[in-house]
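Values quoted throughout were computed directly from the atomic coordinates according to the rules given, and no laboratory measurement underlies them. Bear in mind the structure is a predicted one, so any value in this text is a computation, not a measurement. Here Cβ is always computed from backbone atoms with ideal geometry, including for glycine, and neighbour counts include all displayed protein chains.
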Amino acid sequence: MLSFLTVLPLGPPKRLVSCCGPALQDQLFRGLEAALGTTFSSEPLAPPPQPMILVISGPSGVGKDAVIKRLQEEREGIHFVVTATSRAMRPGEVDGKDYYFVSKEEFLTMIERDELLEYALVYGEYKGIPKQQIRDYMAKGCDIVLRVDIQGAATLRQILGESAVFIFLVAESEEALVKRLIHRKTETSDMLLVRVATAREEVKRMKNFDYVVVNAEGKLEEAVKQVESIIDAEKAKIHKRHVNI
Ligand SMILES: Nc1nc2c(ncn2[C@@H]2O[C@H](COP(=O)(O)OP(=O)(O)O)[C@@H](O)[C@H]2O)c(=O)[nH]1
Ligand SMILES: Nc1ncnc2c1ncn2[C@@H]1O[C@H](COP(=O)(O)OP(=O)(O)O)[C@@H](O)[C@H]1O
């Protein structure tokens with residue numbers, strides 16, 4: 001190392017590089033290239049991040065829509081896949097934004113044409129994920145967010161295996177979940193009973209997911225930040241998950 005440093009036009013090695021001005025630092029840079037017989041590349045050293053598929057699931061009323069809405073506001077390059085449903089539109093919902101609201105016949109035609117990556121009967125209504133929408137946005141380099149019920153997540157795990165990231169969103173307690181669903185005022189009491197009973201069974205399937213995020217009462221932002229941390233960590237993985245749809 002000593003002989004190397006004396007070759008450089010800086011005199012004895014005891015002078016600290018930090019004391020050199022820009023011109024001398026540039027000379028040192030060139031000298032290092034000459035000594036190594038190569039030029040230093042300015043190409044990125046880390047592999048480019050790949051678009052990923054994030055599956056967010058959890059019991060009805062836990063806050064999937066709320067978390068995803070905030071995620072879209074906070075983060076660029078994310079595409080929330082608008083799924084198709086035969087369910088009637090709720091007040092405030094927008095066709096093409098919350099869902100593609102279609103008739104049962106139209107939905108069955110989508111199935112016949114193999115247009116759906118996954119579909120299910122959810123609380124008596126059809127719901128399904130349009131394949132082409134995923135392909136189009138991944139081709140643009142977007143990360144894909146799929147919001148599905150627990151059975152949909154299980155189907156997607158069979159189709160996508162480890163190539164997608166599965167997040168289970170849960171309330172801090174069963175009591176909090178039920179109160180949140182009641183407060184949302186989108187279900188009749190009969191429908192509430194179905195959804196709460198379903199939620200009890202769904203929570204047991206948490207073990208099939210990669211991550212669990214608690215969306216506690218009044219702490220939506222913390223849940224969103226945790227989902228963002230998961231995305232960042234997944235994008236920094238050396239061994240990327242390769243998606244093929
Ligand atoms: N399997 C599946 N579930 C979906 C799809 N789109 C939405 N869902 C889920 O269907 C469930 C019922 O949705 P919704 O009727 O909007 O009721 P909410 O969950 O109480 O808001 C939710 O868990 C959604 O995440 C889909 O394409 N496939
Ligand atoms: N962390 C939270 N604290 C309090 N209320 C929440 C929180 N997250 C969501 N909510 C509310 O709970 C209700 C259910 O949320 P929503 O996103 O519709 O659930 P999901 O899509 O899972 O059915 C909505 O009224 C929503 O505004």
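Below is a table of values for the structure above.
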quantity: Electrostatic dipole magnitude of the chain [Cβ: Lys, Arg +1; Asp, Glu -1; Cα centre; debye, to 20]; calculated: 520
quantity: Packing-based ranking, highest mean first, of 222-234, 19-31 given that Cβ atoms within 10 Å are counted; calculated: 222-234, 19-31
quantity: Highest-MSF residue in the chain out of Lys140, Lys131, Lys64 [GNM, Cα springs under 10 Å]; calculated: Lys140
quantity: Footprinting exposure proxy for Ser60, Ser103 (fewest neighbouring C-beta atoms within 10 Å first); calculated: Ser103, Ser60
quantity: Stokes-Einstein D (µm²/s) once Rh is taken as the Kirkwood radius of the stretch 53-236 over alpha-carbon pairs, at 20 °C in 1.002 mPa s; calculated: 127
quantity: Cα-based shape type of the stretch 41-81, given that a ≥ b ≥ c are square roots of the gyration tensor eigenvalues and the cut on a/c is 1.5; calculated: prolate
quantity: Nearest 10 degrees, 0 to 90: helix 150-160 Cα axis against the chain principal axis; calculated: 50
quantity: Karplus 3J(HN,Hα) series, Hz, for the stretch 180-197 with 6.51 cos²θ - 1.76 cosθ + 1.60 (x for Gly, Pro); calculated: 5, 5, 4, 5, 5, 6, 10, 10, 6, 4, 5, 5, 4, 4, 4, 5, 5, 5
quantity: Environment charge at Ser189 (Cβ cut-off 15 Å; Lys +1, Arg +1, Asp -1, Glu -1); calculated: +2
quantity: Ranked Asp136, Asp98, criterion: other C-beta atoms within 10 Å, fewest first; calculated: Asp136, Asp98
quantity: Principal axis dimensions, the stretch 29-142 - Cα atoms, whole angstrom, descending; calculated: 72, 32, 22
quantity: The stretch 233-245 - phi-based ³J(HN,Hα) in whole Hz, Karplus 6.51/-1.76/1.60, Gly and Pro as x; calculated: 5, 5, 6, 8, 5, 5, 8, 6, 8, 9, 9, 9, 10
